[in-house]
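*Asks:* Here you go, one structure.
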Amino acid sequence: MAPPDKDLEWNNDGLDGMWRFLGRAWRLVAEVAEETAAGACGVAAAGDGASKSLRSERHRVVGKVSEDVERFQFNTALSAMMELVNAAYDYRRAMPAGTRDLALERDVAETLTLLLSPYVPHMAEELWREVLGHKGSVHLESWPAWDPSAAVSDEIEYAVQVNGKVRAHLTVAADAPTDEVQAAALALEKVVEHTAGKTVRKVVVVPGKLISIVVG
C-alpha cells in the first residue's frame, strides 16, 4: 500500500506478505482466546520487563495507528499493527505458559482486532464474535484508548556496529548517559571479539537507535 496522494504501480507481490500477516494476527488472537478460556495464565511478576514492554508497545501502536488514520497514512498504520503482532509473539516466547499476564494478552488481542476492523471488517467481526466471544459487533465498539505516557519505554535497544557491521544488540535504560551506553557497548562479548588488539578510534551513539564503533 502507498499513501493515497502517491502513485503506485499495482502488482501482486505484496499480497502474499499481507496474507501472511493476517494469518499471524488471526493465530495470535485465537491462541490468546484459547489460553484465556483455559485459564492457563498465571500472574506476571510485579515489574516484569516483558509485560512492561508489551504494554508500552500496545499504547504506542494505538497512538501511531490513530494518528496515521487521521492523516490517511494507511500503509504506515498497517506497519504499526505488524509491529504489535511481533511484540505479542515475542512476549509469548519470553514468558512460558502459566507466567503470562492474562489481562494484558487479552487486551492486546482485543486492541489488535479493533485496529484491524476498518481494514478487514469481515475478519475482524469474526474474530470479535466467534473467537473472542463478544456478543455485539466490533464495528459498534469504541476505538481503543491509549496513554502517551504509557507508550514511552523504560528501556532502549541499540544495534551495535563495529566498522559498519552489526555485531551485537544492547538494551539499556532509556535515560542512561551516553558515556555509560558507550562503555556498556564496548564491554559486550561479541564486540570485544572484534575489537581485541585494535585501537578504538571512535564511538558514535545515535540516540535510541545505533552505536557505531570504529576500530583500526
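The values are calculated or read from the model by the stated rules, or taken from the named source; none is laboratory data. Here the structure is a predicted model, which means the values were calculated and not measured. As a convention, Cβ positions derive from the backbone with ideal geometry for all residues, glycine included, and neighbour counts pool all protein chains shown.
*Asks:* Across the stretch 91-138, which residue is nearest to the chain's Cα centre (by Cα) among those that are outside any loop (DSSP other than H, G, I, E, B) and without any contact (Cβ under 8 Å) to a residue 12 or more places away in the chain?
*Replies:* Ranking the candidates gives ARG93 first.
*Asks:* Continuing with this model, one more query. In this structure, is ALA103 among the aliphatic types (A, V, I, L, M) and modelled with pLDDT under 95?
*Replies:* Details: among the aliphatic types (A, V, I, L, M): yes; modelled with pLDDT under 95: yes.
Criteria met by ALA103.
*Asks:* On to the next question. Among LYS202, LYS190, which is out of contact with any helix residue (DSSP H, G or I) (no Cβ under 8 Å at 6 or more places or on another chain) and part of a strand (DSSP E or B)?
*Replies:* Values: LYS190 fails: part of a strand (DSSP E or B).
Sole residue among the options that is out of contact with any helix residue (DSSP H, G or I) (no Cβ under 8 Å at 6 or more places or on another chain) and part of a strand (DSSP E or B): LYS202.
*Asks:* Let me ask something else about it. Scan the stretch 29-41 and report the pairs whose first residue is over 8 Å from ALA109 (Cβ atoms) and whose second residue is at pLDDT 80 or above and surrounded by fewer than 12 Cβ atoms within 10 Å (Cβ to Cβ), with Cβ atoms within less than 6 Å and a gap of 6+ or a chain change.
*Replies:* Listed by first residue and then by second, the contacts come to ALA40/ALA97.
*Asks:* Which residues, counting only those in the stretch 169-216, are in contact with a Lys or Arg (Cβ under 6 Å, 6 or more places away or on another chain) and either surrounded by 11 or more Cβ atoms within 10 Å (Cβ to Cβ) or of a type in the set (Ser, Thr, Tyr) (or both)?
*Replies:* Once the filter is applied, which keeps residues that are in contact with a Lys or Arg (Cβ under 6 Å, 6 or more places away or on another chain) and either surrounded by 11 or more Cβ atoms within 10 Å (Cβ to Cβ) or of a type in the set (Ser, Thr, Tyr) (or both), the stretch 169-216 yields LYS190, VAL191, HIS194, VAL214, VAL215.
*Asks:* Right, next: Pull up the stretch 72-82, narrow it to residues that are part of a helix (DSSP H, G or I) and of a type in the set (A, V, I, L, M, F, W, C), then point me to the one that is nearest to HIS134 (Cα to Cα). It would help to see each step written out before you state the result.
*Replies:* Residues of the stretch 72-82 that are part of a helix (DSSP H, G or I), as a first pass: 74-82.
Pick out the ones that are also of a type in the set (A, V, I, L, M, F, W, C) and you get 74, 77-78, 80-82.
Details: PHE74: 27, ALA77: 25, LEU78: 24, ALA80: 25, MET81: 22, MET82: 24 Å.
Only one residue fits best here, namely MET81.
*Asks:* How do the pairs read when you match residues in the stretch 184-197 that are over 10 Å from ARG167 (Cα atoms) with residues anywhere that are assigned to a helix (DSSP H, G or I) and of a type in the set (S, T, N, Q), using Cβ under 9 Å and keeping only pairs 6 or more apart or on different chains?
*Replies:* Going by the 9 Å Cβ cut-off, the qualifying pairs are LEU186/THR195.
*Asks:* Within the stretch 143-168, track down each residue that is under 21 Å from LYS64 (Cα atoms), surrounded by 11 or more Cβ atoms within 10 Å (Cβ to Cβ) and not small (Gly, Ala, Ser). Reasoning before the result, please.
*Replies:* As a first pass, look at the stretch 143-168 and keep what is under 21 Å from LYS64 (Cα atoms): 143-157.
Among the residues that remain, those that are also surrounded by 11 or more Cβ atoms within 10 Å (Cβ to Cβ) are: 143-144, 146-147, 150-157.
Within the stretch 143-168, TRP143, PRO144, TRP146, ASP147, VAL152, ASP154, GLU155, ILE156, GLU157 qualify.
*Asks:* A further question follows. Could you tell me which residue of the stretch 129-180 is modelled with the lowest pLDDT, considering only residues that are farther than 19 Å from VAL62 by Cα and hydroxyl-bearing (Ser, Thr, Tyr)?
*Replies:* So the residue we want is THR171.
*Asks:* Have a look at VAL65, VAL69, VAL85, VAL29 and point out the one that is closer than 19 Å to ASP147 by Cβ and either outside any helix (DSSP H, G or I) or at pLDDT 95 or above (or both).
*Replies:* Matching residue, one of VAL65, VAL69, VAL85, VAL29: VAL65.
This table checks each residue for (1) closer than 20 Å to ALA38 by Cα; (2) surrounded by fewer than 18 Cβ atoms within 10 Å (Cβ to Cβ).
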residue: GLU70; (1), (2): no, yes
residue: ALA80; (1), (2): no, no
residue: ASN86; (1), (2): no, yes
residue: TYR91; (1), (2): yes, no
residue: ALA97; (1), (2): yes, yes
residue: LEU102; (1), (2): yes, yes
residue: THR111; (1), (2): no, no
residue: VAL120; (1), (2): no, yes
residue: ARG129; (1), (2): yes, yes
